[in-house]
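Report on the following structure.
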Amino acid sequence: MEVRPQEQRLIQFAAELPAGRILCNTLGRAQLALALAKAHAQSQVACFSLDLYQVQQSQLAGTPLPGNLRFVCDSDPPPDEIDLAAWCFSKQGDAELTRDLLQASHQHLAIGGRMAAAIDNPADQWLHEQLRGMFDKVTRRPEPGTTLYLATKTRPLKKIKDFTSEFAFRDAGRPIDLRTRPGVFSHREVDGGARALIKAMDIQPGLRVLDLGSGSGAVGIAAALRAEGVRVQATDSNPRAIEAVRWGAERNGVSTLTAALDCDGSSLDPGTFDLVLANPPYFSNFSLAGLFATIAHRALAPRGTLLVVTKTPDWYRAALAKRFDPIATREAGSYQIVQATRL
């Protein structure tokens, strides 16, 4: 996989960065983590990600892995004290998640520890401003295509910001409480696609439901509360999403919902679900949508139903045709609901 320019910038600088206990991320397949682990063979390197699929692909791409490198896919970076935090960010990335990760790593940095951060914007001002609010001195090194920042921790942060958000929505006259953090789809609100899917789903008593790519858990929790005896399995590749689902289930008194960190359906018993509910991402040129369709087909019992909310129904009609019949679509505001029956 091609290395993003901001990650490449940090890789080129890897040997000059301090050794010790190192925390980093990746925008690709852990190329920065591998470079740091090789440049500092006596150091312990933790590569942090909020995407299980990315971690699995990174592990495969980096084999054999250096013994001083470990992958962390959890809601937060490891709580251990570190000597170096190395972050690569995208100018089109999630600003609140970036601030969250910067703050968390600053808290874990030892006094005298270093932070290196690179972004794919040679005219960047925003990341510079965030770092200046955390460090007494920030060195800025712009180059064509990227900007690299270096800073040393001299004191703890005076104020720690809580980026979690608690909010509620209503379904069938019932208020449902949710809590999300940056990186969860969708943070701080129930997005329009999820609302359309919730409105369209027909939940009968005793159904076995899969909330595929659960995000905040809004869809799965609403399904579990709709009728008696409904059992819901929620899966997502983001550990913060699983954290959010579990919090929401407990907060709303749902005991029939379980959640698992899963990016390929490996946690699911094949052929055991009556209904799969999905609000797939639009990026990745439909590769994720195709994965969702494959997982749904494998998870559903014969004549089970897949319900997808989308703005591109034609793709689903074509992609599902060999494995589902009938396939129907209907409008749901600015969205389309695709309903397909497993053969």
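The values are calculated or read from the model by the stated rules, or taken from the named source; none is laboratory data. All values reported here derive from a predicted model rather than from experimental measurement. Heads up, the Cβs are rebuilt from the backbone with ideal geometry, glycines too, and the neighbour counts pull from every protein chain shown. The protein model used for the area step is the full one, side chains on, heavy atoms only, and it has no ligands, DNA or RNA in it. Shrake-Rupley method; radii C 1.70, N 1.55, O 1.52, S 1.80 Å.
Overview of results
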read-out	value
In sequence order, calculated HN-Hα J values of region 28-34 (Karplus, 6.51, -1.76, 1.60; Hz; x Gly/Pro)	x, 10, 6, 4, 5, 4, 5
Where the chain is the region considered: accessible area per residue in Å², 1.4 Å probe	45
Difference of contour (0.36 nm per residue) and Cα-Cα distance, Ala95 to Phe283	65.8 nm
Loop trypsin sites (Lys or Arg not before Pro), region 260-343 (other Cβ atoms within 10 Å of the site Cβ: 12 or fewer; DSSP)	Lys311, Lys322
In degrees, nearest ten, helix 239-251 long axis to first principal axis of the chain (Cα)	50
14 Å beta-carbon shell around Val72, net charge (K/R +1, D/E -1)	-1
The chain - mean residue ellipticity at 222 nm from DSSP helices (-39,500 (n - 2.57) per run, n ≥ 4, rounded to 500)	-8500 deg cm²/dmol
Trypsin sites (Lys or Arg not before Pro) within region 72-171, DSSP loop, no more than 16 other Cβ atoms inside 10 Å	Lys91, Lys137, Lys158, Lys159, Lys161
Residue-wise HN-Hα coupling along region 53-58, computed from phi with Karplus coefficients 6.51, -1.76, 1.60 (Hz; x: Gly, Pro)	4, 4, 5, 4, 5, 5
Cα centroid separation, region 107-130 to region 40-79 (Å)	21
Qualifying chymotrypsin sites (Phe, Trp or Tyr not before Pro) in region 196-303, DSSP loop, other Cβ atoms within 10 Å at most 16	Tyr282, Phe283
Acute angle (nearest 10 degrees) that the helix 95-108 long axis makes with the longest principal axis of the chain, alpha-carbon atoms	50
Simple label model, 7 Å out from Cα along Cβ direction - Asp76 to Trp126, nm	2.5
Longest DSSP-loop-exposure-free segment, GluC sites (Glu not before Pro), the chain, at most 15 other Cβ within 10 Å	229-343
Segment Thr341-Met1, length gained on full extension (0.36 nm per residue, minus Cα span)	118.8 nm
